[in-house]
Amino acid sequence: MFKLVYVGPKEFNVLVYRLITVGVVVLIGFNLGSWFYLYTVSIFNPKVPLRNFASILSTSTLNDLELDIGNNNRITIKSADLKGWVEPYTRAYSGKQDLRVSSKFNDYLIRLATANNIEPIDARFEFGPNNKVIVFSQSVQGKKVNIAKSATAIIDSLREGKTSARLTIDIIEPEITLEKANDFGIKTLLAKGESNFLGSSNARINNIKTGSSKFNGSILKPGEEFSFNNILGNIDEKTGYQPELVIKNGQTIPEYGGGLCQLSTTIFRAAILAGLPITERRPHSFPVKYYSPQGFDATIYPGVSNLKFTNDTPGHILLQTRIEGTRLIVELYGSDDGRKVTLDGPHQYDQKANGAMKAYFIRTTSYANGEKKNERFDSNYQPPFAQARNPLE
């Protein structure tokens with residue numbers, strides 16, 4: 001329901017004054033906003049017209065433009081390429097001819113950033129004498145080309161007829177540094193996983209050592225999920241791996257990195273004994289002698305299967321690897337929150353004459369608050385293939 005209110009002359013004048021004031025403010029704001037919009041969009045969308053700069057752009061592109069990307073690193077853009085950044089167009093409202101920066105400018109900046117961006121590298125640590133965490137690989141700052149600010153600097157240089165422009169490089173700090181090590185809460189051994197690769201070929205031993213060095217010193221933050229494949233990275237000759245047999249599509253074939261499942265299995269065993277939640281694990285397709293007792297293994301294959309677990313402890317977890325003879329050892333260090341782990345198994349059953357079998361083990365995790373959690377981990381192994389000489393997954 002509407003209610004009519006009488007407004008006298010005095011109140012009417014005040015009301016009109018307020019309306020006029022509000023209108024002026026809105027009008028000014030609209031014009032400033034429109035100007036700001038055109039200016040910012042011209043940075044992020046090169047297709048927006050650079051009004052009235054046709055003659056300036058024509059002149060500024062006659063010379064080469066030098067881009068300074070820091071650390072005495074300079075790139076020269078030839079005049080011919082600069083001219084390719086500029087294209088003629090017809091204004092929609094006035095019908096006049098003008099120039100604007102084309103999409104080639106934006107494409108170039110993206111390629112430049114991709115080629116010069118450097119990802120930060122976290123420091124790596126090891127658990128040394130006297131229960132101290134010591135660094136063995138320093139952290140490295142990352143660098144990233146700020147495309148928006150760099151675009152502004154280049155356009156301003158073209159407008160002003162300059163022959164050089166300095167790009168904006170943002171420094172990206174690594175998450176894990178030596179200075180932060182004391183706050184990680186890495187104080188005690190949580191668990192140790194072991195496996196034996198006795199009888200492995202030289203290529204397989206090489207792959208185990210190469211992969212182990214990749215993981216040694218890794219830090220897992222509280223609440224972070226460990227992903228074996230993410231840390232593993234590329235597996236090829238350039239990263240130090242050699243061809244060796246792997247289980248793939250129901251048969252054993254040579255591929256770079258054969259034997260890396262020795263590492264994933266050993267890390268899995270450490271995570272199990274530490275009472276960490278396992279979020280992804282897949283057993284091998286058939287029994288492999290290197291992973292006895294059967295039923296306590298984890299296979300990986302990038303893009304197909306992975307090993308994942310979560311750090312649900314109050315502190316960071318340090319993963320440390322070492323090799324003693326033919327034994328691979330993985331240790332997890334962190335903060336002891338009072339949890340205790342017991343294993344029942346692994347038990348093998350339903351064993352067939354052709355080598356097929358099943359296995360399982362039960363993990364019981366007892367927490368400091370009195371809570372207990374029972375988990376069963378099953379493995380179903382198919383019979384080894386007759387053509388498989390030594391399945392070295």
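The values are calculated or read from the model by the stated rules, or taken from the named source; none is laboratory data. What you are looking at is a predicted structure, and each value in this text was computed from that prediction instead of being measured. Because the Cβ atoms are built from the backbone with ideal geometry, glycine has one as well, and the counts that use them run over all protein chains shown.
Some observations on this one:
- Within the stretch 290-303, not a single residue is of a type in the set (S, T, N, Q) and farther than 15 Å from residue 264 by Cα.
- Of all residue pairs spaced 6 or more apart or on separate chains, those with beta-carbon atoms under 8 Å, a first member in the stretch 311-338 that is surrounded by 24 or more Cβ atoms within 10 Å (Cβ to Cβ) and a second member that is part of a loop (DSSP other than H, G, I, E, B) and aromatic (Phe, Trp, Tyr) are 318/184; 328/197.
- Selection within the stretch 201-214: residues that are hydroxyl-bearing (Ser, Thr, Tyr) and modelled with pLDDT under 95. The member of this set that is surrounded by the most Cβ atoms within 10 Å (Cβ to Cβ) is 201.
- Selection count where residues are buried (at least 18 other Cβ atoms within 10 Å of the Cβ) and not in a loop (DSSP other than H, G, I, E, B), scope the stretch 154-174: 6
- The stretch 136-153, residues that are within 19 Å of residue 119 (Cβ to Cβ) and either surrounded by fewer than 16 Cβ atoms within 10 Å (Cβ to Cβ) or β-branched (Val, Ile, Thr) (or both): 137, 138, 140, 141, 142, 145, 146, 147
- Residue 143 being modelled with pLDDT of 80 or more and part of a strand (DSSP E or B): yes
- Every residue from the stretch 280-290 that is closer than 20 Å to residue 354 by Cβ and within 30 Å of the chain's Cα centre (by Cα): 283, 284, 285
- Residue in the stretch 215-224 that is over 21 Å from residue 325 (Cβ atoms), acidic (Asp, Glu), without any contact (Cβ under 8 Å) to a residue 24 or more places away in the chain and surrounded by fewer than 17 Cβ atoms within 10 Å (Cβ to Cβ) present: no
- Filter result for the condition that a residue is more than 28 Å from the chain's Cα centre (by Cα), at pLDDT 90 or above and outside the structural domain of residue 341 (by TED's automatic domain parsing), over 166, 159: 166
- Filtered residue count, the stretch 175-204, keeping only those that are charged (D, E, K, R), touching a residue at least 40 places away in the same chain (Cβ under 8 Å) and assigned to a helix (DSSP H, G or I): 1
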